[in-house]
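First comes the structure, then the notes that go with it.
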Amino acid sequence: MVKIMVSRETLLFKKFACAILAFLLCPLFASCDKAEYTDEDVKNAIYELLPLSFELNDIYFGEGLPISDDRADVERFYASFASDIEAVNYHPVAEDCIYQSESDIKEATERVFSEQYCSYLYELAFTGISAVFNEGTEEQITSTAAYARYMQSGDVLTVRLDLPYEAMELGRVYDFESMEVVEKTKSYAIVNISSEMNGINADVELKLLVTENGFRLDTPTY
């Protein structure tokens with residue numbers, strides 16, 4: 001066995017060199033995650049996106065889009081639409097509604113929310129949420145926990161009739177003047193903002209992601 005002897009001076013020099021290197025690299029790594037926008041940019045994004053999210057909250061969590069009151073329109077729909085979900089009824093969305101397709105809803109959603117949060121909303125709205133029991137066994141059962149809120153039948157967008165009965169309570173009011181940017185990085189910002197709902201005051205943290213299309217909300221706002 002060959003033993004390599006290292007002097008105390010050499011070890012001290014190596015430690016000193018490593019410390020200098022770390023000192024020089026710290027600003028470099030820190031700058032890589034430094035935000036390239038101002039607090040004012042973040043606040044302006046909240047002013048723009050938060051009100052837009054309220055209508056989307058009603059689409060995804062509230063009573064949903066208005067249904068058509070045109071009986072002939074409804075009858076035409078049922079004559080052309082086949083569904084194996086007998087326990088749930090869907091009706092066409094009202095003709096004067098600005099959302100007449102899944103694409104219309106998704107376009108509006110993607111102008112406000114992040115890609116990840118959009119994925120969750122789309123599953124809830126257009127696919128439905130299912131629960132799997134005894135997964136991977138012969139007794140595996142898939143149970144539908146929530147049916148899709150909307151179904152597209154050809155060029156007709158339909159809405160589930162029982163949405164008002166399961167709608168979440170919405171209507172949170174935000175105090176925009178209380179906004180404070182508490183964290184900023186190159187990829188996201190976090191804002192603390194006061195809110196009130198049903199007479200109860202609460203501070204809410206909203207996360208904004210920085211995307212190629214601008215800021216997008218990455219948290220619920222209801």
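Where a number appears in this text, it was derived from the coordinates with a stated rule and is not lab data. All values derive from a computational prediction rather than experimental measurement. Glycine gets a Cβ as well: all are built from the backbone with ideal geometry, and neighbour counts include every protein chain shown.
Mind checking region 92-125 for chymotrypsin sites (Phe, Trp or Tyr not before Pro) that DSSP puts in a loop (not H, G, I, E or B) and that have at most 15 other Cβ atoms within 10 Å?
Here no chymotrypsin sites (Phe, Trp or Tyr not before Pro) fit, given the DSSP loop and packing criteria.
Find how much the distance from Glu63 to Val173 grows on full extension, using 0.36 nm per residue of separation minus their present alpha carbon separation; answer in nm with one decimal.
Once the chain is fully extended between Glu63 and Val173, it gains 37.8 nm.
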